[in-house]
Structures are given as structure tokens and as C-alpha cells.
Amino acid sequence: MSARCQSPIAFETLVAYWAGDLGSIESDAVEEHVMGCASCTQASARVAAISEAVRAQIPPVLSRDAVAQLRKRGVRVIDNLVRPGERKQASFSPSTDILLHRLAGLDLSRATSVDVTVSVEETGDVIFQSRGVPFDRDAGEVLIPCHKHFSAFPPNIVFGVRVRDESGNENVTVYTVPHVFA
């Protein structure tokens, strides 16, 4: 931030603030500091701009309506239906904008919450986690869009879908999807 600030807010804290990951006490502290500190206000504005740009992008898990809107806008979406426990190679061609992994075969009839973890098959390293993702109760699936820039990730991806029901019971379903980028 700036040398003028005696106690600048850490970049990670500003990111967490704009992502909505801070508790109310921490959030209040950030807001109070930013309101009285010009250099931290500027830093916060930069992080906010980045956060808003990221939010404008396609989220890591989509609803059926969001997919329909993408198709309506002319985005070239190719479906890749994957069943539980299946190892299914996904080929991403140059003519594809989004390869949509339809993680199917889920019992979502009583689901209250669904989380997705994306990890590397060989190491188990987590690439990202999304909590409270949209899901299609009727179709029994979760929709994961794969973008061209995902070619930077390791190719052998594992999707873990955690489903919670109203009783608090949890079930995790695993999908292994090796990626090939042409």
C-alpha cells in the first residue's frame, strides 16, 4: 500500500474482504480502516476492480439457466456427460469456447447444499473448492465449465461433489476427467 499508512491492510485481507470471506468483526475493521485511510482506500479500490472483473467472468460452477444464457450469447458450449466413478477423457478442441462437464448420476432430490472440489489425480493437490454451488435437482447433475485457459492446470482432474441433505448427511461422489487440449 503506501508508506503514509502506519498499518496497511494486507493484500490477502482485502481479497478476502471483497470475496466476502471475512467474518463481520473483521469486515467491520477493514471498512473502518479504509474509511479513514486514503492509501488503503486506493488499494481496496484496486482489489475491488479486480474482484468485479473476475465476477463478470464465467463462474466455476453453472446453473442450467446460466448455460442457456451462454449459448444464447453465442458461446460454443460442448457437453461432456460424466457418470460417477467413471474415468472419462475430455478433449478440448480449438472450436470450443467451453467444455461443459455434466457431472451426472447424483441423488439431489433431498439436497440442501452442494460443494465441489477440483484436485489433481496424481497428487491430490486441490486446485479450487466452491461451496454452495448451483445444482440441477431434477437432472441430478452439477455443471462445471472448462475454459481454454485451464490448459495451464495439470491434465488429470478429479471432481469431488459433496452433497448435504436436510438431515445433515453428506455423500461425496468422484469423477475423474483427464483433459486433452488440442
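The values are calculated or read from the model by the stated rules, or taken from the named source; none is laboratory data. Small disclaimer: the values here were computed from a predicted structure and weren't measured. Counting neighbours? That spans all protein chains shown, and the Cβs are built from the backbone with ideal geometry, glycine included.
Annotations for the structure displayed:
- Selection of the range 37-68 for residues being at pLDDT 90 or above, more than 18 Å from the chain's Cα centre (by Cα) and either of a type in the set (D, E, K, R) or within 30 Å of Leu103 (Cβ to Cβ) (or both) yields only Ala68.
- The set of residues in the range 151-169 being under 21 Å from Val114 (Cβ atoms) and either in a strand (DSSP E or B) or not charged (D, E, K, R) (or both) consists of Ile157, Val158, Phe159, Gly160, Val161, Arg162, Val163, Arg164, Asp165, Ser167, Gly168, Asn169.
- The residue list Arg76, Arg131 contains one member that is among the charged types (D, E, K, R) and either over 14 Å from the mean Cα position of the chain (by Cα) or farther than 26 Å from Gly20 by Cβ (or both), which is Arg76.
- Among residues of the range 70-88, those that are surrounded by 12 or more Cβ atoms within 10 Å (Cβ to Cβ) and outside any strand (DSSP E or B), counted: 8
- Test: residue in the range 163-171 that is surrounded by 14 or more Cβ atoms within 10 Å (Cβ to Cβ) and under 18 Å from Val82 (Cβ atoms): yes
- Of the candidates Ser39, Ser63, Ser44, Ser91, the single residue that is under 22 Å from Gly132 (Cβ atoms) and either surrounded by 13 or more Cβ atoms within 10 Å (Cβ to Cβ) or touching a Leu at 6+ places or on another chain (Cβ under 9 Å) (or both) is Ser63.
- Candidates are the residues of the range 1-36 that are part of a loop (DSSP other than H, G, I, E, B), surrounded by 11 or more Cβ atoms within 10 Å (Cβ to Cβ) and within 20 Å of the chain's Cα centre (by Cα); the one that is modelled with the highest pLDDT is Leu22.
- Residues in the range 89-109 that are among the β-branched types (Val, Ile, Thr) and assigned to a strand (DSSP E or B): Ile98 only.
- Of the residues Val180, Val133, Val118, Val172, the single one that is out of contact with any His (no Cβ under 8 Å at 6 or more places or on another chain), assigned to a strand (DSSP E or B) and either over 24 Å from Ser91 (Cβ atoms) or modelled with pLDDT of 95 or more (or both) is Val172.
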